């Protein structure tokens, strides 16, 4: 508002002499004067001229000052148009009527020009104050609306990225407050090419957009690498390195990652900075805590980062439960936190696993006394591998330049086997062949089984019979990493043959390893009968490929995939 | 909210005391406590004796202090941690970065 001291002042006064007197006083003070001889005229002049201030005689013919003041205040709306009543009335009740009608002040007749001037100045200050308040209120409202629009758009984009996975798979239950993303919470799940699943629950430090922003690259890396068949540890390393590079010091992501294999019925867990998750064994009712063993993602340099995971066998129906610290930090009016022991009480009281989420929510609401809004929980159930849809692989090219007639051999030796996972590399190569893409998942599963058999049983000489119970299972994976670290010779070879056929083609994969081999018929027989934690591998290979044959000495295996062109 | 910092007589060590909640609201005060001192200490001591609560933003602030104090070469002790604070530091495995006493 310009700081022009000149005001336009409406004078409503039925007495012509008084009107002239006031007009001349006010004009001399430098203001512009508009006059009216009664209340009705005053309302009309107000509408026409929109004066800044009104001097209003209380008693006038046609329409008195009280009614005129009411109408003018109504028309002025939110803007403050000060009305000063001019009155010879002195009794209190009449003066109260002036204020009740919307008057802001009054001036007793006869007029004192010094007091009149002072009152006009004071009213002008009030008027400007009100105008400033309104202006700032509107500005804040506009900014707020702008911010909310931005958040809505950001959330829509975020949902597209974050929820492009398989959170809606039938074996996943999750609960995420609608705007938890702006609390920095992130929940991702994706099928691996093998049909297994990667799940991530993350919690970025801080609040609002800065906390949400790191979630985007994390989600992209998670989905991109999972789809290409990279392992959990490779994804962890990439995510950590990326967040370390792009986030400012002091911003990081507490996270738990799960790698669930439905074929092998195992779950691999990495927890860096989130509260304990729980593996719920349905048969015994036991809840195994999944403890944070690492610094959060984005804190350590890639060279210092630790990717060690814990591996747990799971039975059908067993569940893994993860939660963000929003659950434990839900506070009641006395600023006590919900905390771990109350959560464990809810666990202990739980009878039907499917009701656990509702029971936790009820407990939180009862504790806090109102609905909570900063909560992320997820539960993943071990189910039959075939009960879940296998993921369709997505490609950007149309596959018309598909290579059809070639062969390649690879030998991965000890130093490579120690730290390189050749599977994504081989899968990307094979999926250049358009006809193989429709069975990419099966292809990956078979390659993965062949590779881990060749590496673990062949090169490392591990005995899968160790995995007969949970303790042996842990021992198996302890020995695996021990032997791998000490490996100094040995190899795994892949021979790939692509053969065009009349209406399609055929892939032949031969895998050999440097191990001593095994007695093929014994192992196959044992696998057919055993219901142990081990060796679902060979039967899986037989089921998913079109042909599979083992060399008699058990040192080599050959599998075939063929396809018919989809014309 | 009170965050105070006091250098040792020889200026080699700076002790930062945090009273009450250590969370995002104390962000600026915490930074000031080590940036606005006229000494360049070799060691930092963060005294959490009267700290009632610590959230993930506070962990971020500790990382900022660590960065300020020389990153991997920083010498920072977190002392007088109560059970709750110790638990939060343990979940994040901060003992790998700080000396927790």
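Here are the numbers:
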read-out: Proxy reagent accessibility, fewest Cβ within 10 Å first, across A:330, A:205, A:149; value: A:149, A:330, A:205
read-out: Beta bridges by DSSP in the protein assembly as shown, antiparallel share as percent, to the nearest 5; value: 75 percent
read-out: Distance-filtered residues of region A:472-499 - backbone nitrogen under 17 Å, label point 7 angstrom along residue A:414 Cα→Cβ; value: A:480-493
read-out: Percentage relative contact order, chain A, counting C-alpha pairs under 8 Å, at least six apart; value: 10 percent
read-out: Residue mean of other protein chain beta carbons inside 10 Å, B:55-67; value: 6
read-out: Distance between modelled label sites at residue A:303 and residue A:132, nm, 7 Å Cα→Cβ extension; value: 5.8 nm
read-out: Which of A:558, B:5 has the fewest Cβ neighbours within 10 Å, and the rest in rising order; value: A:558, B:5
read-out: Rounded to 10°, Cα long-axis angle of helix A:65-76 versus longest principal axis of chain A; value: 30 degrees
read-out: Average partner coverage of B:20-29, which counts Cβ from other chains inside 10 Å; value: 1
read-out: Computed label-point distance, nm, for sites residue B:79 and residue A:485 using a 7 Å Cα→Cβ extension; value: 3.6 nm
read-out: Region A:163-387 shape via C-alpha gyration tensor axes, a/c threshold 1.5; value: oblate
read-out: Fully extended contour minus Cα-Cα distance, from residue A:122 to residue A:560, at 0.36 nm per residue; value: 148.3 nm
read-out: Rounded to 5, the percent of DSSP beta bridges in chain B classed as antiparallel; value: 30 percent
read-out: Within 10 Å of each Cβ in A:205-213, the average number of Cβ atoms from other chains; value: 2
read-out: Percent RCO, i.e. relative contact order, over region A:163-387, from Cα pairs under 8 Å lying at least 6 residues apart; value: 23 percent
read-out: Cβ-based exposure ranking for A:513, B:9, in which fewest neighbours within 10 Å come first; value: B:9, A:513
read-out: Difference of contour (0.36 nm per residue) and Cα-Cα distance, residue A:493 to residue A:152; value: 117.6 nm
read-out: Net lengthening on full extension, residue A:67/residue A:293 (0.36 nm per residue, minus Cα-Cα); value: 73.7 nm
read-out: Rounded D (µm²/s) - chain A, Kirkwood Rh over Cα pairs, Stokes-Einstein at 37 °C, 0.692 mPa s; value: 110 µm²/s
read-out: Whole-Å distance, taken between Cα centres, linking region A:1-60 and region B:64-101; value: 72 Å
read-out: Value at 222 nm in deg cm²/dmol, rounded to 500, when DSSP H runs of n ≥ 4 in chain A each add -39,500 (n - 2.57); value: -12000 deg cm²/dmol
read-out: Separation between Cα centres of region A:326-374 and region A:453-520, rounded to whole Å; value: 46 Å
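Every number in this text was worked out from the coordinates using simple rules, so none of it is lab data. As the structure is a computational prediction, the values presented were derived from the model and not from experiment. Cβ: placed from backbone, ideal geometry, glycine included. Neighbour counts: every protein chain shown.
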